[in-house]
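Asker: Please read through the structure below; I'll follow up with questions.
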Amino acid sequence: MTSNAKAAAVRFDGVTKAFGAVVAVSDVSFTVEAGKLVTLLGPSGCGKTTTLRMIAGLEMATSGRVLIGEEDVTALPATDRDVSMVFQSYALFPHMNVIDNVSYGLVVSGIAKSTARAQAEEGLAQVGLAGYGKRLPSELSGGQQQRVAVARALVLEPQVLLFDEPLSNLDAKLRRRVREDIRELQQNLEMTSVYVTHDQEEALAVSDRVIVMRNAEIAQEGTPHDLYERPTDVFVADFVGDANLVKCEITRIDGEDATVRLGSIECTLPHRGLSAGEADLAIRPESIRLGTDASTAGIAGNVRKAVYLGSHVEYTVDTEVGDLFVTDPRADRAIVAGSSVMVTLAERGVVLVRP
Amino acid sequence: MNRNLVWWMAVGLGGYLLLPWYVADDGFWSFTWLIGGAPVTADYASGLFKGLLHGRPWLLPVGVLLIAPGLVIGRPKADPVFGAALITIGALGLIYIVGQGFTIGISGWEFPGLEQLFGPTELRQEGMGYGALLASAAFLFMFTLGFAARGAIKGDVFVVGSIGLIVALVAAFVFFPVIRILISAVQDNDGSYAFHLFFPKLFDGKIWGVACVTSGLRCGVAWNSLFLAILTGASSTLLGLAFALIATRTDFRAKRLLRVLTLLPIITPPFVIGLAVILLFGRSGLVSQWLWEFFGVPPSRWIFGLPGIWFAQTLAFAPIAFLVLIGVVEGVSPAMEEASQTLRASSWRTFSTISLPLMRPGLANAFLLGFIESLADFGNPLVLGGNYDVLSTEIFFAIVGAQNDQGRAAVLAIVLLAFTLSAFVAQRLWLGRKSYVTVTGKADSGMPVKIPARVKAAVYGTALPWAGLTVVIYIIILFGGFVELLGRNNTFTFRHYIDTFGITQGEFGLVFSGLAWNSFRTTVSIAAISAPLTAIVGLLTAYILVRQRFVGRQAFEFGTMLSFAIPGTVIGVSYILAFNVPPIEITGTGVILVISFVFRNMPVGVRAGIASMSQLDNSLDEASLTLGANSFTTVRKVILPLLRPAILAALVFSFVRAMTAISAVIFLVSANYDMATSFIIGRVENGDFGQAIAYSSVLILVMILAIGLLQLLVGERQIRRRTDVVAPVPTASTGLAA
Ligand SMILES: Nc1ncnc2c1ncn2[C@@H]1O[C@H](COP(=O)(O)OP(=O)(O)OP(=O)(O)O)[C@@H](O)[C@H]1O
Ligand SMILES: [Mg+2]
């Protein structure tokens, strides 16, 4: 249960959006729980923005239903939905000063000017910009403009708050800080939020749940943990975090478990609905152990490249199952390039995935 | 209950039950019906009482249709039945009103077939009045409400309603008259159809002849018009750009003066520039005399013909290009120019590869405007044409001349239309589909960059001599009003001003005894009414075109631009043909003048709006919408304030055009509603050059005051505080060379 009475769930029910012949979103269903932040993640052109705009009412679904709270809003225009959006370009009104920008939504919804101003001041204080009200947007830095845009959306206390790549115009350091600010604000106010990004690290960092999209469809939905630990298919495994994708063979199915043969080693993993035969295995780089002792069991390999990065070392290892990309936090005991190694797998970070 | 529906039902029924259905004989603006017994007595009866008491029973179904939406009034908007019912009722109502308007005319059935079918009738029609107007509006908006309820344009009532309104207005006041005159292309003068005459008229050697290429003979008028229009379009765009650059990107000191100078020709009735050009360069013109005296160049009539028209048109239309381009030049984001310079582009490269291409939509628009204006111009070819015939004057003479051949006029109009439409298509292709958004919601804080030295030299080189020439011409115009007869008798006199604008002390107080007062009052009030209407219709159309996607958008754009492609002479004649009989009977009124100005000048508002609006990032509107503002509020609070340059351009242009237009006006004026320009032409024909020039000077003065007032009212668009110009940052290459 959330303490924010206005926050509402968002539900997509078999929603399709076509622009002429281009299908931007195809038969998509998901639910965003009230008070949670859900991220839409995916490569360019997969339909994230279009999905977000359908929640806002800026695009109308070609078929299917969109619900906010209990209400079916499929045919409701943006104006009549209680949804605010933070745009990638911020979309601050250049002819109004900061306070007028922030109070705009309040004023047009009929709240007295003085009340609206007071609320807007509060909103500005929330994003750490108290006292900037008199400035024009052109007199603010990029990060400040971004926060004004957030404040403008927040003060309306909408049922749902939408972000379309809100950080893409900021530098990396600032991006990290602002995304933490946004997350903190969202959690404090328990706002239902939908957040679009194509940066998987950002998605993992801010979300309660992540929806990974591919080619207008949902590839997988789950918590950041789920997605990283248990990607369903090759695409998700590759897109969320780094993964070594190798071919293996399932030799035996036994209850929930599958016995998997990878080169010269064998291990037991959840079969996840796959049957015996050739299969795809996703191995996180940090789940591969390299040993220099030639007598241990493992896949024999040869270190082709070793890159020292301070906090860890990155290796590229030639093996019979293909090139493996490996990270190892034990930077002080780096293995030099050219060494022969035995490759073994850790308990976690190794999963069978659908092709 | 749907508030919008209740409102339109109330409006429709109110009009139907209470207001006079037809225009009374005392005119549209007369309000005697208020005390004259409306809505019952025969003269002022409302639709209902006309139907019940005064022999027009066919008006009764209108009432039934107006009540019909009551059946669905309780249903929610999302209910498909609600939308479908409104669409049906609205469409039926409109079709019925239009249908009855055209089948029953002043003298009974309009079509012979109907007479055979129903027998002769005693039924009579009059021009539509307030009642019919409100009922039609109610049906129209019920229709659009229905579409919005069915989810058209994302369910936006305001946008769907606006589209409906504009379509209806353009249909009534552009398409209907055009169709009317096109029908005359295949009719003979008696009104019977004569298709065999069409093609000989179309391929006439007088239109398409190319004799001027091979021999000394004259070319066809079509070639003449085309050649002139290309010259004028190019020269006025270049000049406009030069002035716009000086005004925004240099530290030229007399900028304000320059701005006034560039505005002067636009606020001058076109034939006045023509007159001044003759007074300077004609056989006995001042310059010609001077050349003869000092250089022995014999005076000749060289100015009459292509050089003179081109010269006068460039003077007249460069300011329009300037008004369009200044908004565009201001809109080019300094950040992009700065970005280019930091990419080590020299200031010349920056200008030619960044600034200029970013101005492309503006340049194309300016050229298109100049091109079409030139084709449609009537005043200058009339005064300066000599033997160089162009389409617009040919059309005029085909109708008023000894030939009186409406068919030939219509054929010439079709040729003209083909030219302007080709220009339109070419512009589309050239602009392509690149995005020219430069004012984004992400504010940039750069400052306009100065133009490079080369460009500056070129810009000064063209603009300043031209400005000088303009000054000379205006000195002539001012001086001419204060002498007996310029060139012949240069004695100083106030006579012309007293004759035109005299005020004498009469028996009962002041008497406006000057000849010009009557037409002057009409002109000012008609211009003041039509300017804001034009701006509203034009910018609303631009908003719909730039921001909304809907089926038939291309057709919509074509329709709204069409009136611009029709020369005033043709508009004038077609309005006379279309609107001197019911159902819309407005010839001889002020209304027809206002309407002709609004729909003739609307395309300029549309163009200016489109050029500025396509530089505004769409996410600004969307932000406003998601913040809960409806599209009407969004237009009012976000778009309009950012469109101030376009608003000003539209207001100024339409006001000025209403004061200076001649070609359509000359057909539409009446004894009660005489306009300044037709009065002045009358003076010119009488040989009263002094009075004509005096009156023109007064008009110019009034327009200057009006423009100043408008500029004050509209204000400047404030999106960044630092407006001062900075010198270009030295780039690496120039830095090294130095
Ligand atoms: N208005 C439109 N008209 C036609 N096609 C469109 C329109 N808007 C989006 N598309 C198409 O729909 C698809 C999805 O677009 P969308 O903007 O949702 O992608 P996205 O996931 O947000 O990508 P990015 O990460 O690059 O922003 C794309 O193929 C795009 O070309
Ligand atoms: Mg996107």
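Asker: Is at least one residue of the range A:322-332 modelled with pLDDT of 90 or more, out of contact with any Cys (no Cβ under 9 Å at 6 or more places or on another chain), open to solvent by less than 10 Å² (accessible area, probe 1.4 Å) and farther than 30 Å from A:Met213 by Cα?
Answerer: no
Asker: Shifting gears a bit: Quick check on the range A:106-121. Is at least one of its residues open to solvent by 10 Å² or more (accessible area, probe 1.4 Å), more than 9 Å from chain B (Cβ to nearest Cβ), closer than 30 Å to B:Gly83 by Cβ and of a type outside the set (Val, Ile, Thr)?
Answerer: Yes; the residues of the range A:106-121 include at least one that is open to solvent by 10 Å² or more (accessible area, probe 1.4 Å), more than 9 Å from chain B (Cβ to nearest Cβ), closer than 30 Å to B:Gly83 by Cβ and of a type outside the set (Val, Ile, Thr).
Asker: Right, something else. Of the numbered conditions (1) of a type in the set (A, V, I, L, M, F, W, C); (2) within 16 Å of ligand 2 (Cβ to nearest atom); (3) out of contact with any helix residue (DSSP H, G or I) (no Cβ under 7 Å at 6 or more places or on another chain), A:Val194 satisfies every one except a single condition; which is it?
Answerer: (3) is the only condition that A:Val194 fails.
Asker: Can I ask one more? Just wondering, is there one or more residues in the range B:161-181 that are assigned to a helix (DSSP H, G or I), within 14 Å of chain A (Cβ to nearest Cβ) and over 29 Å from B:Ala413 (Cβ atoms)?
Answerer: Yes, the range B:161-181 has at least one match.
Asker: Further question: So, in the range A:258-314, how many residues would count as being of a type in the set (A, V, I, L, M), over 25 Å from A:Arg230 (Cβ atoms) and under 27 Å from the mean Cα position of the chain (by Cα)?
Answerer: 2
Asker: OK, next. Let me confirm something: among B:Ala676, B:Ala649, B:Ala658, which residue is out of contact with any Ser or Thr (no Cβ under 8 Å at 6 or more places or on another chain) and crowded, with 24+ Cβ neighbours inside 10 Å?
Answerer: Only one candidate passes the filter, namely B:Ala649.
Asker: Here is a further query. Would you point out which residue out of A:Val150, A:Val210, A:Val194 is buried (at least 23 other Cβ atoms within 10 Å of the Cβ), in contact (Cβ under 8 Å) with a residue 60 or more places away in the chain, within 16 Å of ligand 1 (Cβ to nearest atom) and within 13 Å of chain B (Cβ to nearest Cβ)?
Answerer: Unique residue meeting the criteria: A:Val194.
Asker: Suppose we filter the range B:93-132 for residues that are open to solvent by 90 Å² or more (accessible area, probe 1.4 Å) and at pLDDT 90 or above; how many remain?
Answerer: 1
Asker: Somewhere in the range B:516-531, is a residue open to solvent by 40 Å² or more (accessible area, probe 1.4 Å) and over 19 Å from B:Met675 (Cα atoms)?
Answerer: no
Asker: Quick one: in the range A:57-80, of everything that is within 11 Å of chain B (Cβ to nearest Cβ) and open to solvent by less than 10 Å² (accessible area, probe 1.4 Å), which residue is nearest to B:Ala78 (Cα to Cα)?
Answerer: In this case the residue turns out to be A:Val73.
Asker: Right, here's the next one. Under 9 Å by Cβ, and 6 or more places apart or on different chains, what pairs join a residue from the range B:173-187 that is farther than 20 Å from B:Asn601 by Cα with one that is of a type in the set (Val, Ile, Thr) and open to solvent by 30 Å² or more (accessible area, probe 1.4 Å)?
Answerer: B:Leu182/B:Ile414; B:Ala185/B:Ile414
Asker: Any residue at all in the range A:16-23 that is closer than 19 Å to A:Asp164 by Cβ, within 14 Å of another protein chain (Cβ to nearest Cβ) and in contact (Cβ under 8 Å) with a residue 40 or more places away in the chain?
Answerer: yes
Asker: For the range A:25-54, name all the residues that are buried (at least 17 other Cβ atoms within 10 Å of the Cβ), away from chain B (no Cβ under 14 Å) and within 10 Å of ligand 1 (Cβ to nearest atom).
Answerer: A:Val25, A:Leu40, A:Leu41, A:Gly42, A:Cys46, A:Gly47, A:Lys48, A:Thr51
Asker: Examine the range A:76-84 for a residue that is more than 16 Å from ligand 1 (Cβ to nearest atom) and among the hydrophobic types (A, V, I, L, M, F, W, C), and state whether such a residue exists.
Answerer: yes
Asker: Is it true that A:Leu170 is within 14 Å of chain B (Cβ to nearest Cβ) and either part of a loop (DSSP other than H, G, I, E, B) or away from ligand 2 (no atom under 16 Å from the Cβ) (or both)?
Answerer: yes
Asker: In addition: Determine which single condition A:Tyr90 fails, assuming it passes every other condition in (1) facing chain B (nearest Cβ under 9 Å); (2) at pLDDT 90 or above.
Answerer: (2)
Asker: Does A:Thr232 fit the bill of being away from chain B (no Cβ under 14 Å) and within 16 Å of ligand 2 (Cβ to nearest atom)?
Answerer: Spelling it out, it is not the case that A:Thr232 is away from chain B (no Cβ under 14 Å) and within 16 Å of ligand 2 (Cβ to nearest atom).
Asker: Within the range B:624-635, how many residues are part of a helix (DSSP H, G or I) and touching a strand residue (DSSP E or B) at 6+ places or on another chain (Cβ under 7 Å)?
Answerer: 1
Asker: To continue, here is another question. Which of the residues spanning the range A:64-75 are among the small types (Gly, Ala, Ser) and more than 16 Å from ligand 1 (Cβ to nearest atom)?
Answerer: A:Gly69, A:Ala75 - these are the residues of the range A:64-75 that are among the small types (Gly, Ala, Ser) and more than 16 Å from ligand 1 (Cβ to nearest atom).
Asker: Another question about this same structure. Does B:Thr504 qualify as being touching a residue at least 12 places away in the same chain (Cβ under 8 Å) and β-branched (Val, Ile, Thr)?
Answerer: No: the conditions fail for B:Thr504.
Asker: Can you tell me which of B:Val581, B:Val652 is out of contact with any Phe, Trp or Tyr (no Cβ under 7 Å at 6 or more places or on another chain), closer than 30 Å to B:Trp21 by Cβ and aliphatic (A, V, I, L, M)?
Answerer: B:Val581
Asker: Still on this model: Go through the range A:150-167 residue by residue and tally those that are outside any loop (DSSP other than H, G, I, E, B) and within 16 Å of ligand 2 (Cβ to nearest atom).
Answerer: Total meeting the criteria: 3.
Asker: Right, here's the next one. Given the criterion buried (at least 24 other Cβ atoms within 10 Å of the Cβ) and within 24 Å of A:Pro94 (Cβ to Cβ), identify the matching residue among B:Ser663, B:Ser624.
Answerer: None of the others qualify; the one that does is B:Ser624.
Asker: From the list B:Arg636, B:Arg644, which residue is open to solvent by 10 Å² or more (accessible area, probe 1.4 Å), over 20 Å from B:Tyr575 (Cβ atoms) and without any contact (Cβ under 8 Å) to a residue 60 or more places away in the chain?
Answerer: B:Arg636
Asker: Output the number of residues of the range B:614-623 satisfying the condition of being assigned to a helix (DSSP H, G or I) and either at the interface with chain A (Cβ under 7 Å from one of its Cβ atoms) or among the aliphatic types (A, V, I, L, M) (or both).
Answerer: So the count comes out to 4.
The values are calculated or read from the model by the stated rules, or taken from the named source; none is laboratory data. Since the model is a prediction, treat every value here as computed from it, not as a measurement. Note: ideal-geometry Cβ built from the backbone for every residue, glycine included; neighbour counts use all protein chains shown. Note: areas computed on protein heavy atoms with side chains; ligands, DNA, RNA excluded. Shrake-Rupley method; radii C 1.70, N 1.55, O 1.52, S 1.80 Å.
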